[in-house]
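Report on the following structure.
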Amino acid sequence: FFLLGLELLSSSAKVLGGCTAGTLFGSATNPIAALMIGILATVLVQSSSTTTSIVVTLVPDAITVQTGIYIIMGANIGTSVTNTIVAMGQL
């Protein structure tokens with residue numbers, strides 16, 4: 001069910017976003033901007049696996065491989081940010 005859910009999520013993101021998603025991710029030619037997009041997406045979704053899966057499905061159509069690499073790096077950093085927020089909530 002997980003893979004089916006990711007497929008539906010990525011398909012709906014392509015349909016709903018259309019050209020908007022392509023321009024949003026495609027305009028992030030700056031590596032720092034792509035890294036921040038990955039961090040923000042992972043903090044919002046709270047799953048780096050979901051963010052990575054969506055980015056991998058967008059690579060051939062909407063974004064370049066280089067931009068995808070930086071977004072996935074940001075997704076990995078975003079996981080640490082989410083854990084830090086949860087840990088600070090326990091104080």
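The values are calculated or read from the model by the stated rules, or taken from the named source; none is laboratory data. All values reported here derive from a predicted model rather than from experimental measurement. Positions of Cβ are backbone-derived with ideal geometry, glycine not excepted, and every protein chain shown enters the neighbour counts. Note: areas computed on protein heavy atoms with side chains; ligands, DNA, RNA excluded. Shrake-Rupley method; radii C 1.70, N 1.55, O 1.52, S 1.80 Å.
A few remarks follow.
- Any chance L58 is aliphatic (A, V, I, L, M), surrounded by 20 or more Cβ atoms within 10 Å (Cβ to Cβ) and either within 22 Å of L3 (Cα to Cα) or out of contact with any Gly (no Cβ under 9 Å at 6 or more places or on another chain) (or both): yes
- Taking each residue of the range 63-87 that is at negative phi and looking for partners that are assigned to a helix (DSSP H, G or I) and open to solvent by 90 Å² or more (accessible area, probe 1.4 Å) with beta-carbon atoms closer than 8 Å, six or more apart or interchain, yields G74/M36; G74/L40; G78/L40.
- Any chance G22 is open to solvent by less than 30 Å² (accessible area, probe 1.4 Å), more than 11 Å from the chain's Cα centre (by Cα) and at pLDDT below 85: yes
- The single residue among T67, T79 that is in contact with a Ser or Thr (Cβ under 6 Å, 6 or more places away or on another chain) and either of a type in the set (G, A, S) or in a helix (DSSP H, G or I) (or both) turns out to be T79.
- Among residues of the range 61-91, those that are open to solvent by 70 Å² or more (accessible area, probe 1.4 Å) and modelled with pLDDT under 80, counted: 2
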